[in-house]
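Heads up, the thing below is written out as structure tokens.
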Amino acid sequence: MVKIIWSSKAVSDKKSIFEYWTSRNKSPSYSIKLNQLFELKLQQISDNPFSGITTEIENIRAILVEDYYLYYSLNADQIRILRIWDARQNSEIFEP
């Protein structure tokens, strides 16, 4: 099994997303569900690192979870989660 490492930006993205949905819905239910979906996708890319789509940036892949892309890079022994990006946002301002 490949080790998964979270970048500080990805951790910050995830925290912001969960805070937004908890505040908007006045409940953590959707945030909990979304976190479970993230974990399922992480298991998928851990089992099959090339299951995400290729991006314009070399060695960076993305996998869709609900309305969010998990951007990640690969090397021999780890997957690094770079960002969680809302697919409805302008991708031209994306920075890994």
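The values are calculated or read from the model by the stated rules, or taken from the named source; none is laboratory data. Fair warning: this is a prediction, and the values are worked out from it, not measured in the lab. Positions of Cβ are backbone-derived with ideal geometry, glycine not excepted, and every protein chain shown enters the neighbour counts.
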Notebook entry, point to check: Which residues, taken from segment 1-39, are in a helix (DSSP H, G or I) and in contact with a strand residue (DSSP E or B) (Cβ under 8 Å, 6 or more places away or on another chain)?
Noted result: Lys9, Ala10, Asp13, Lys14, Ile17, Leu34, Leu37, Phe38
Item checked: Residue among Lys3, Lys14 that is in contact (Cβ under 8 Å) with a residue 24 or more places away in the chain and surrounded by fewer than 12 Cβ atoms within 10 Å (Cβ to Cβ) -> Lys3
Check: Given the structure, is Val2 β-branched (Val, Ile, Thr) and modelled with pLDDT under 95?
Finding: yes
Note to self: Being hydrophobic (A, V, I, L, M, F, W, C), free of Cβ contacts under 8 Å to residues at least 60 places away in the same chain and not in a strand (DSSP E or B) is the requirement here; does Leu64 meet it?
What the structure shows: no
